[in-house]
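Reading through the structure tokens given below for one structure.
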Amino acid sequence: MRIQTPWSTLFILLAMAATVAGVTACASTPEFDTPIGRSSLGAVFLERIPDRSFQAAHPAVLSPTLLQTALTGILVEDPHVSMSALLSNRPQPLRALSDAEVAFLAPLLSDGLRQAAADQQIGFTLMHQDNLFPPRDTTGAGVGSGPVASSSSGRETSSGSVFVHGRSLHIQFHQFRVKPERPDAVNMPNRRIPDRTGLIDHILSFSPPSARRPSSYVIRGDAAATLVLDYEQIAGVASAPLPTVAPVSPPAKPAAKPIAPSPDRETDVRALQEQMRQKDRELENVRKELQDIRQQLNRQPPAPATDRVR
């Protein structure tokens, strides 16, 4: 009979402890993301909600048409826009997502909301094909500081999550149009820390503004990076159906009919167009006032020379 030494017994105990720890870790690890769709524009997937005590109203039935309207209404503004950009013909604020990005996201988000459980949300990532705002040079206050240039290679990226709670559609951005920066962007003279979220210098809004709920509706995360929307108003239907929550043993149900657009939606679109035309008129007035000021300055005679103080 072989007698185990204290060292061999200790080794066996350590191996057993490592095995138990591994099993426990596997049991507590969240499930892997479930892909819903992917293309060159990005990806949409199901993921666990980090807060396990929170329950979303999933599965939820929101039509691709409703989600397309919601995504199209997301606007973004750069508060540090330059005077040259103000005098350009490009209106402010701008749409956060392009037509191609909206067409990619809307049907996949609709599928994700139908598939999601109460402890899941729909995550998304986007690789933008264009730059929404022109790059700005940032100079530091230290001696020897100079402009910090972003990397010319690599496209801007955005990421976020979507879920339904009550009668609200929550759209949260974790990153917004973040562009990779050069490794030497952070240096000692200017002590500049890059914005890894892209949300510090941008303001999110929604059109029509009445469809966005106040910040008190934000359940978790940064209120400035979250849009809580009244999806019934977005649909333009007062009797829009609530999200359908699946019971423990769901009976067979017919497929929900998509929400049809109504005349109210056309009214919202016309109101948005009128707001954009009003913005254009205001910018045109600003340009005319600046031109008048410039002409007046050019017509003023030079100031007479004065004797120097002795």
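Key figures for this structure:
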{"item": "Every residue from the stretch 39-77 that is among the acidic types (Asp, Glu) and either touching a His at 6+ places or on another chain (Cβ under 9 Å) or surrounded by 15 or more Cβ atoms within 10 Å (Cβ to Cβ) (or both)", "result": "Glu47, Glu77"}
{"item": "Some residue of the stretch 29-38 being closer than 30 Å to Pro209 by Cβ, over 20 Å from the mean Cα position of the chain (by Cα) and either at pLDDT 55 or above or surrounded by 11 or more Cβ atoms within 10 Å (Cβ to Cβ) (or both)", "result": "no"}
{"item": "Selection count where residues are under 18 Å from Glu101 (Cβ atoms) and assigned to a loop (DSSP other than H, G, I, E, B), scope the stretch 35-61", "result": "2"}
{"item": "Residue within the stretch 220-237 that is closer than 17 Å to Thr65 by Cβ and at pLDDT below 85 present", "result": "yes"}
{"item": "Residue within the stretch 87-95 that is crowded, with 18+ Cβ neighbours inside 10 Å, closer than 26 Å to Phe173 by Cβ, at pLDDT 55 or above and of a type in the set (A, V, I, L, M) present", "result": "no"}
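The values are calculated or read from the model by the stated rules, or taken from the named source; none is laboratory data. Treat the numbers as computed from the prediction; the structure is a model and nothing was measured. All Cβ positions, glycine included, derive from the backbone under ideal geometry; neighbour counts span all protein chains shown.
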